[in-house]
Amino acid sequence: MKPSFLHQQALQLQYNPRETQRPPNLGINRGSLAVVQLEFVAWRRCHTRPDQSIKMKRKVAALEKVDADLPALQYRIRRDPKSYAQEFFDQFLAYDAQKQIFLSAPATASSEDVKKFHDLVDMIAHVADCYPDVTGQFAEDLKALITQHHATLHPELREKVVGSLSLLKKKEIIDSTSLLTTLFPILVSTPSKSLRALLFQKILSDLREANSKSINHRLNRTMQTVLHNLVSSDRSSPKAIWAVKLTREMWKRQLWTDAKPVDVMKEACLADNEKVIVGGVRFFLGGDKEREELEDESSDDEAVDLKQVKHQVGINKKSKKREKAYKKAVEKVKRQERKKHQPHPLNFSALHLLHDPQGFAEQLFQKHLQNTKSKLALENKLLVLQLVTRLVGLHKLTVISLYSWFTKYLTPKQANVTSFLASLAQGTHSLVPPDAVEPLIVKIANEFVSEASASEVAAAGINAIREICVRQPLAMSETLLQDLVQYRKSKDKGVMMAAKGLLSLYREVGAELLKKKDRGKDATMGIRSGDIQQLKYGEEEVATGIEGLELLAKWKEEQKKRKRAEREANGELKEGEEKDDDEDSFNESDWEVESVESDDSGGWINVDHSDDEDEKPAAKKAKRDDSEAPDLVDADKENDEEEKEDPAAEAERLVKLATTTILTPADLAKLAELRMEANINKAMGNTNKHQKALAARHTDDGLTAEQIELPAKLRKTTKEERLELARAGKPNRDEHKSTQAIKRSKKDAEGKSTTNKEKARKKNFLMTIGKAKAKNKRSLTETRRVLKGHVERSKRGGRRGNIGM
């Protein structure tokens, strides 16, 4: 009996496992593979001798043992795919038969079927890349199974299918787009909490992996479009919360940093579902801070103590493992150093990436705050209010109806009133009409600041007025300001400090509104000289020239005066000499910052100006006799007063200096030094020119209720509060320990070694008996010799002589 064509194909499939050659591709599709196997088995039964059948039975029994242990089979297939192709085909046939049951009615499957199918899916997913021709449809089967029956599948089998899809993506059998478009619809629709957590983790990890080496713009655009459509299609649906969570995580990890995720969160803020609204608002209020904190934590975690690793390698037993760990640590340190020198990415704040902040602020205010039908809770309303006022203050928007809306909330009995005060101050800026803010300041003064009010209430009210006036000084009236300033004589420390803060503010920005006795020395002199002038509404100071150039010009003038005075005192200045030759000649050292040394004790860099000083005042060029030398200071003072009286001429002189003078590297170094000194003086309060710094103090971070309440916390603390502060930051005293024991535990936690004395204390007593007996038997001479040797070794730095190392 001659075998049929299918029998011949089956015979060719039954190749020797020890042969390394792969069986030829016979063109058998998956549908006829089972028929081929069955016909082949029947044909072999008819054409085998009895002794051959016994050998075949033994061989089949051995293969059944191998097949029963799927992890072992998986291990063997990974090592030698060609030799175990037949065994894999058998298991794939079993999977194909089980798949039909789970695709049709997964609820009817028994626990044994679920366990067997679970193991088969796991094994095939791990070795799918070894047999791409056979497993071509495997990924599509899993997608159909999880998409159609995710609600009825067994939880363990469901997780295994999701994990297998992720594994196939790692093996590059399917791409990220296919995986994400399969898992994300299940994420937003499944009622299972555990499955949602698993899917969210898989989606997030896949997006991170896709953007690890380089930004995958195509995948990001696809995913961002899906999220945007999910949020904007149905504004009342709670499904959009997953778009908010995913976008916030990707923004926090600095994988999405453009305007597209900001648009997604903008749509979330305008949704109707309260959870979605709160998620979107919190993203704008705290998303950037979360990103900075995560970056700091990751940089701290990556820190490697190379010295400690090298020390451990040196003192421990040498092995390849420790040497490999040391090389890995060195590579990590080098990678960190390379990362430090790379240009910092331009991570703009989410508030700066908004396309239409004016329209967004108006929509938020009208939909969630001004609308009486809005059912947001008070704490959520406060979050929306903080976002609206933050946008108004940061972008200097104009929403006039916002300020009249505040009126009904500015009472001490209002819950979270300090948050309303902080939001009001945050939403004020220099372009807000003073007429819109002045009634609110008057109401705060009437409601909060009075003799009958509690000290905490009065301090919070004055501090809120001060924060508003920092941003719009023109909103304060003269009568109200003089009344509030009188509270600086209050006995309560918080009220006194708040009133003094308001007084010091208006000494800088509006001293004309204060009484003469309250203006102070600097403000009085500034008003008299014209340096202090209150800006009108809409007027802003415009920077002209190079920042700090006047400091450099002033410093050069002082250096020239000092040098001229020294030469006159030494008799080196000839009569009729108008300029120093050294000052006008070219100085090559000015172009090398390192070569310029300082003559002063403070480390100043002396720079000789090499350009023509045609723009210097005429008084500096005038001839002076020895008899006129005592009048130098008076003449300089007169010149300074003339310059102060004419600020326009001073500004024109600085512009001419910036456009006609070439600054050498030494000049630039000195300019940077003078700027730093001016900033330090500003920080220490040595100058009254930090009005801009006060106005821009909370521009990026925002103003909080704690800052409004701060003066009220300056009162004297009670005994219980002092005790609580003393206990804070100290170790738990339930277990009594000495100071040395606490230090020892800290050392152990840090992985540091112990000293020889500490080791000797913990040494086994039986190991110390011999040394103790030997000490007792020493003579005086021997004891003296040992002690002398110990002292000498200590001076030398121990037996190895480690002094200076």
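The values are calculated or read from the model by the stated rules, or taken from the named source; none is laboratory data. Here the structure is a predicted model, which means the values were calculated and not measured. Because the Cβ atoms are built from the backbone with ideal geometry, glycine has one as well, and the counts that use them run over all protein chains shown.
Summary of computed values
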item	result
Hits in the range 761-804 - residues which are aliphatic (A, V, I, L, M) and modelled with pLDDT of 80 or more	L766, M767, I769, A774, L780, V786, L787, V791
Verdict on T398 being closer than 20 Å to N371 by Cα, part of a helix (DSSP H, G or I) and modelled with pLDDT of 90 or more	no
Filter pass, L73 being surrounded by 11 or more Cβ atoms within 10 Å (Cβ to Cβ), assigned by TED's automatic domain parsing to the domain that holds L120, hydrophobic (A, V, I, L, M, F, W, C) and at pLDDT 50 or above	yes
Tally, over the range 270-291, of residues that are crowded, with 23+ Cβ neighbours inside 10 Å and assigned to a loop (DSSP other than H, G, I, E, B)	1
Which numbered condition D206 fails, given (1) modelled with pLDDT of 90 or more; (2) not in a helix (DSSP H, G or I)	(2)
Selection count where residues are crowded, with 22+ Cβ neighbours inside 10 Å and part of a helix (DSSP H, G or I), scope the range 445-469	13
Verdict on L187 being surrounded by fewer than 17 Cβ atoms within 10 Å (Cβ to Cβ), farther than 20 Å from A107 by Cβ and in contact (Cβ under 8 Å) with a residue 40 or more places away in the chain	no
Near pairs, Cβ below 6 angstrom, 6+ apart or cross-chain, from the range 317-328 (among the hydroxyl-bearing types (S, T, Y)) to any residue that is in a helix (DSSP H, G or I)	Y326/V309; Y326/V313
Matching entry among A139, A128, A144 (being more than 20 Å from I203 (Cα to Cα), at pLDDT 90 or above and under 44 Å from the mean Cα position of the chain (by Cα))	A128
In the range 187-203, the residues that are of a type in the set (V, I, T) and assigned to a helix (DSSP H, G or I)	V188, I203
Residue within the range 436-444 that is over 21 Å from F365 (Cα atoms), without any contact (Cβ under 8 Å) to a residue 60 or more places away in the chain and crowded, with 19+ Cβ neighbours inside 10 Å present	yes
Matching residues, the range 223-238, being surrounded by fewer than 18 Cβ atoms within 10 Å (Cβ to Cβ), of a type in the set (S, T, N, Q) and either in a loop (DSSP other than H, G, I, E, B) or touching a residue at least 12 places away in the same chain (Cβ under 8 Å) (or both)	S232, S236, S237
Scan of the range 655-665 for residues that are assigned to a helix (DSSP H, G or I) and either at pLDDT 80 or above or surrounded by fewer than 17 Cβ atoms within 10 Å (Cβ to Cβ) (or both), ordered by number	V655, K656, A658, T659, T660, P665
Residue check, V392 in contact (Cβ under 8 Å) with a residue 24 or more places away in the chain, surrounded by 19 or more Cβ atoms within 10 Å (Cβ to Cβ) and more than 28 Å from K493 (Cα to Cα)	yes
Any hit, the range 527-544, residues being of a type in the set (K, R), loosely packed, with under 12 Cβ neighbours inside 10 Å, modelled with pLDDT of 55 or more and under 41 Å from the mean Cα position of the chain (by Cα)	yes
Pick from the range 491-514, criterion of a type in the set (D, E, K, R) and either closer than 19 Å to L474 by Cβ or outside the structural domain of N463 (by TED's automatic domain parsing) (or both), ranking: farthest from the chain's Cα centre (by Cα)	E512
Qualifying residue in the range 88-110 (condition: assigned to a loop (DSSP other than H, G, I, E, B) and either outside the structural domain of T177 (by TED's automatic domain parsing) or not aliphatic (A, V, I, L, M) (or both))	yes
Residue check, I241 surrounded by 15 or more Cβ atoms within 10 Å (Cβ to Cβ), without any contact (Cβ under 8 Å) to a residue 40 or more places away in the chain and closer than 28 Å to I277 by Cβ	yes
Hits in the range 120-155 - residues which are free of Cβ contacts under 8 Å to residues at least 60 places away in the same chain and either among the polar types (S, T, N, Q) or not in a helix (DSSP H, G or I) (or both)	Y131, P132, T135, G136, T147, Q148, H150, A151, T152, L153, H154
Which listed residue is modelled with pLDDT of 90 or more, acidic (D, E) and either assigned by TED's automatic domain parsing to the domain that holds L198 or at positive phi (or both), from D119, D113	D119
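Conditions (1) assigned to a helix (DSSP H, G or I); (2) over 26 Å from N273 (Cα atoms), marked per residue:
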| site | (1), (2) |
| --- | --- |
| E362 | yes, no |
| K367 | yes, no |
| K375 | no, no |
| E379 | yes, no |
| V384 | yes, no |
| T407 | yes, yes |
